[in-house]
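Undergrad: Below is the structure I would like to discuss, written out as structure tokens.
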Amino acid sequence: MIEDERRYFAPGGLCMPGGPSTWHVLDWEQRRLIAVTMDEEQEDEETAVQHLRKLIGALEPNVHAIPLSRDGALISVSTDPRDEVSASVWYPSLQEVEKPDGVETVVWSTLEELERLSPNVDLVSYDPSPEGTETIGSRKAVFKYYFINQFLQRFWHEMNLVIRLPPHPNIVPFDRLVLDDPEGHIIGFTTLYMSGGTINKNISRIFKLDWLKQLTRVVDDLNLKFGIMHQDIASRNLLVNPKTDALVLFDFNYSSRIGHTGHVKERDDVKGVVFTIFEMITRDEHFRDAAYDQQDPGDVETLDEWVKHPEVSLDHAVSEYRAVLNEWAEKRRTGNQIAIYTEAPEWIDWPNPNNTPDGITLSWARPAPQSSFDSSDAGT
């Protein structure tokens, strides 16, 4: 289940001066948009989200809009399809993606949903056996998708990158493209599931010096070999492969070809590695609370001491981690620079999305209501 603080998102709305205000609030857990209307002017979505949070478990799956009183009490519900705020979503065909040879597919209807991991990300299982052959058992995978158009561009670039990246010991392996039917449209993709949790969640593990070295190597390969900037290096995007004990990087939804659309210099991967290692050792994340253009890795690199958090375990002295990190960061800053991805020796490229007419609309299944609604406890 998605943590409550990440469960809701408002992609838009309509707010009139002095009121009323309508916010379109997305519940990531149930994959549904609900129009929340209040008489007062609401400059942001926070009030609408807070009130919807108290009511969401009682709303039937066919409820599209709810007007609320000043104190957040439910006035009525609308099941009128004309109040549905979800838009038709474009999903590309296999031909538009120019699928590389060897990339396998799986049909969405064969996936069994096990858990909602985060927005647009589910843990699933399926039988990977070719049709007509003896089953070889289920495979767990992480299914990544989108169902509102605001995330189309990001999804398109991530999907096209992961299907083209060569296998790498420090990158979570791509699994399959997910289709709405055997010859149809791509609605997502899967990567192999790795148990054990992310580095930032599972702090019982010893954070090894070798893992730091592996992280610097995979970042070097992405940047200097393939011309790709990950742009979201953080402990929440790092796992440990239980079979190889190698650190692996995942979540490429902010990635970009260097010097191409989506590349943000302030999200530089060298900066990301420096902050990540500092945060892993100290558990101090406040240096990245600032906007990206205000984040300076020198703020942590020049500290006299990195105080190891008492719950963090290392297999070498903090000074050795800092020495390896400083040497690598200096080499990257003074060494060969890639100004545009085509300067990389094995640069990766892909087509732009052609999100015109060939769209399809899918009905994403919603969980049953958690409870029946009782107006007497609506505010609890």
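The values are calculated or read from the model by the stated rules, or taken from the named source; none is laboratory data. Bear in mind the structure is a predicted one, so any value in this text is a computation, not a measurement. We place every Cβ from the backbone using ideal geometry, glycine too, and count neighbours over all the protein chains shown.
Undergrad: Restricting to strands (runs of 3 or more DSSP E) lying wholly in segment 169-272: which have 3 or more residues that are more than 24 Å from P353 (Cβ to Cβ)? I'd like the intermediate steps shown before the answer.
TA: On the way: elements: 174-179, 186-192, 238-240, 247-249.
Where strands (runs of 3 or more DSSP E) fall fully within segment 169-272 and carry at least 3 residues being more than 24 Å from P353 (Cβ to Cβ), they are 238-240, 247-249.
Undergrad: Quick one: in segment 295-337, which of the residues that are in contact (Cβ under 8 Å) with a residue 60 or more places away in the chain, in a helix (DSSP H, G or I) and not hydroxyl-bearing (S, T, Y) is farthest from V218 (Cα to Cα)?
TA: So the residue we want is E320.
Undergrad: Condition check: touching a Ser or Thr at 6+ places or on another chain (Cβ under 6 Å), outside the structural domain of P310 (by TED's automatic domain parsing), in contact (Cβ under 8 Å) with a residue 24 or more places away in the chain and acidic (D, E). Does D180 satisfy that?
TA: Judged against the criteria, D180 is not a match.
Undergrad: Among the strands (runs of 3 or more DSSP E) confined wholly to segment 28-131, which include 2 or more residues that are polar (S, T, N, Q) and under 24 Å from D175 (Cα atoms)?
TA: none
Undergrad: Considering only residues of segment 71-102 that are of a type in the set (V, I, T) and surrounded by 15 or more Cβ atoms within 10 Å (Cβ to Cβ), which is farthest from the chain's Cα centre (by Cα)?
TA: Per the stated criteria, the residue is V77.
Undergrad: Enumerate the pairs (first residue in segment 231-242 and under 10 Å from Y254 (Cβ atoms); second residue anywhere and part of a loop (DSSP other than H, G, I, E, B) and at pLDDT 95 or above) with beta-carbon separation below 7 Å, excluding pairs fewer than 6 apart on the same chain, so at least 6 apart or on different chains.
TA: Partner pairs satisfying both residue conditions: Q231/Y254; Q231/S255; Q231/V264; D232/D251; D232/Y254; N237/F250; N237/D251.
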